[in-house]
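The values are calculated or read from the model by the stated rules, or taken from the named source; none is laboratory data. Please read these numbers as outputs of a predicted model, since none were measured by experiment. Here the Cβ positions follow ideal geometry from the backbone for every residue, glycine too, while neighbour counts run over all protein chains shown. SASA here: full protein model, heavy atoms, side chains in, ligands and nucleic acids out. Shrake-Rupley method; radii C 1.70, N 1.55, O 1.52, S 1.80 Å.
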Amino acid sequence: MEQYEPDRLSAAQLAAIRRSMTSGRGALGRRSLLRAGGVGALTLGGLAGLTACGIPPAKREGQGPASTDDSAKEKTLNFSNWTEYMDTGEDGTSRPSLEAFTKRTGIKVKYTEDINDNVEFFGKIKPQLAAGQDTGRDLICVTDWLAARIIRLGWAQKLDPANLPHAYANLSAQFRSPDWDPGRSYSYPWTGISTVVAYNIKATGGKKVDSVSQLLDDPALKGRVGFLTEMRDTIGMTLLDLGKDPGAFTDADFDAAVGRLQKGVDTKQIRRFTGNDYTSDLNKGDIAACLAWAGDIIQLQADNPDIRYAIPRAGYITSTDNLLVPANSRHKTNAEKLIDHYYQLPNAAQLAAYINFVCPVDGVKDELAKIDPELAANTLILPDKAMAAKSHSFRSLTTEQETAYEEKFARLIGA
């Protein structure tokens with residue numbers, strides 16, 4: 001049976017998903033270098049389920065379908081999140097910020113760490129969403145490209161600003177209006193994931209590395225350079241270096257970025273394209289410089305003072321993990337109150353201190369400094385205005401564009 005077109009995945013897209021799950025963004029550590037899950041979490045059968053027979057959505061554009069909200073009479077909500085993506089007490093089992101929410105509101109949260117990767121999770125909830133049924137979840141946390149798909153298909157509920165006063169006021173400017181959810185009508189970011197240039201100062205002989213051009217052109221780095229197997233990060237950073245906007249590029253711009261990288265492959269300037277396995281090589285100095293994810297760099301720097309990073313003058317790529325209320329969930333208002341809870345400054349600081357990714361909440365620095373002054377001063381967690389101004393998002397892609405781009409990128413990296 002032919003699947004509904006927006007959910008079709010090409011062979012190149014499936015290969016990209018496998019890379020992401022085993023060593024890319026889908027395997028990023030939340031507090032550690034390796035995120036729980038990986039290839040074992042999604043079998044080939046699970047991948048096949050996303051490319052075989054599908055159920056067309058009941059609604060594709062505009063607001064999600066109306067749902068019954070039982071929040072007033074049922075003080076509960078179900079929240080699905082990634083592993084190690086929530087603060088934990090010293091006993092290793094308590095959830096202090098969630099417990100504070102329950103104490104303040106009387107709303108009990110059933111918190112489940114059942115998201116190991118975006119594709120597996122989407123396959124888990126898609127049948128209910130497509131059939132207009134409750135998924136059993138009132139709040140989910142998914143990466144921007146999947147959030148865009150869920151919103152586009154009409155499977156997310158439009159949020160009520162009246163229940164989100166702190167979120168509306170405190171959301172950082174750089175995250176306010178992604179092209180897939182202008183004005184944040186359906187989503188709020190849980191955290192940001194930034195792509196930067198990283199280098200081992202010992203391996204570079206004391207030289208700073210601060211641009212994609214330097215990665216691709218500096219003869220002293222030949223054969224010791226790494227780029228990422230995530231298309232949006234590697235192409236996005238290269239587009240910026242070429243003076244192009246990753247949020248508004250053309251097919252010709254994309255091809256120019258691929259050509260620029262292909263030259264690096266042909267001249268053997270690029271050692272290899274990697275997932276998060278670059279961390280070991282960078283730590284040892286086998287890779288002198290590379291594109292890297294900021295969360296990894298924070299972890300590496302804790303043990304190796306030779307690890308440095310730079311924000312290119314041209315800018316850098318930031319993606320987000322996002323909170324959405326699925327269509328037909330039964331506790332929308334309760335979920336909105338929990339979203340707003342994490343945009344109150346003390347709660348945002350508590351979460352940021354634990355997970356160490358980019359905090360999307362403005363004004364949190366003083367609260368975070370009370371917990372850990374070093375983290376509060378780290379611009380990889382709290383970007384200052386200058387750094388935030390250099391942040392760019394990779395634009396949303398149509399199904400046809402994603403298929404074509406992933407195929408070209410797969411040929412580039414030899415996947």
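Descriptive notes on the structure:
- Verdict on ARG272 being outside any strand (DSSP E or B), open to solvent by 20 Å² or more (accessible area, probe 1.4 Å), among the charged types (D, E, K, R) and under 25 Å from ASP296 (Cβ atoms): no
- Flag if LYS284 is at positive phi and either modelled with pLDDT under 95 or open to solvent by 60 Å² or more (accessible area, probe 1.4 Å) (or both): no
- Region 155-187 - residue that is basic (Lys, Arg) and surrounded by fewer than 19 Cβ atoms within 10 Å (Cβ to Cβ) and, of those, modelled with the highest pLDDT: LYS158
- Conditions (1) without any contact (Cβ under 8 Å) to a residue 60 or more places away in the chain; (2) open to solvent by less than 40 Å² (accessible area, probe 1.4 Å); number of the one not met by LYS103: (2)
- Among (1) in a strand (DSSP E or B); (2) under 22 Å from ALA352 (Cα atoms) - the single one GLN174 does not satisfy: (1)
- The residues of region 90-100 that are part of a loop (DSSP other than H, G, I, E, B), free of Cβ contacts under 8 Å to residues at least 12 places away in the same chain and surrounded by 11 or more Cβ atoms within 10 Å (Cβ to Cβ) amount to a single one, SER94.
- Residue that is most open to solvent (accessible area, probe 1.4 Å) [pool: residues in region 326-347 that are over 23 Å from ASP362 (Cα atoms) and in a loop (DSSP other than H, G, I, E, B)]: ARG330
- If you go through region 117-154 and keep only what is crowded, with 23+ Cβ neighbours inside 10 Å, more than 28 Å from GLN344 (Cβ to Cβ) and not acidic (Asp, Glu), you end up with VAL119, LEU129.
- For ASP266, the conditions (1) more than 14 Å from LYS408 (Cα to Cα); (2) open to solvent by less than 60 Å² (accessible area, probe 1.4 Å) are fulfilled apart from (2).
- Restricting region 216-262 to residues that are in contact with a Gly (Cβ under 8 Å, 6 or more places away or on another chain) and assigned to a helix (DSSP H, G or I) leaves a set whose member that is most open to solvent (accessible area, probe 1.4 Å) is ALA220.
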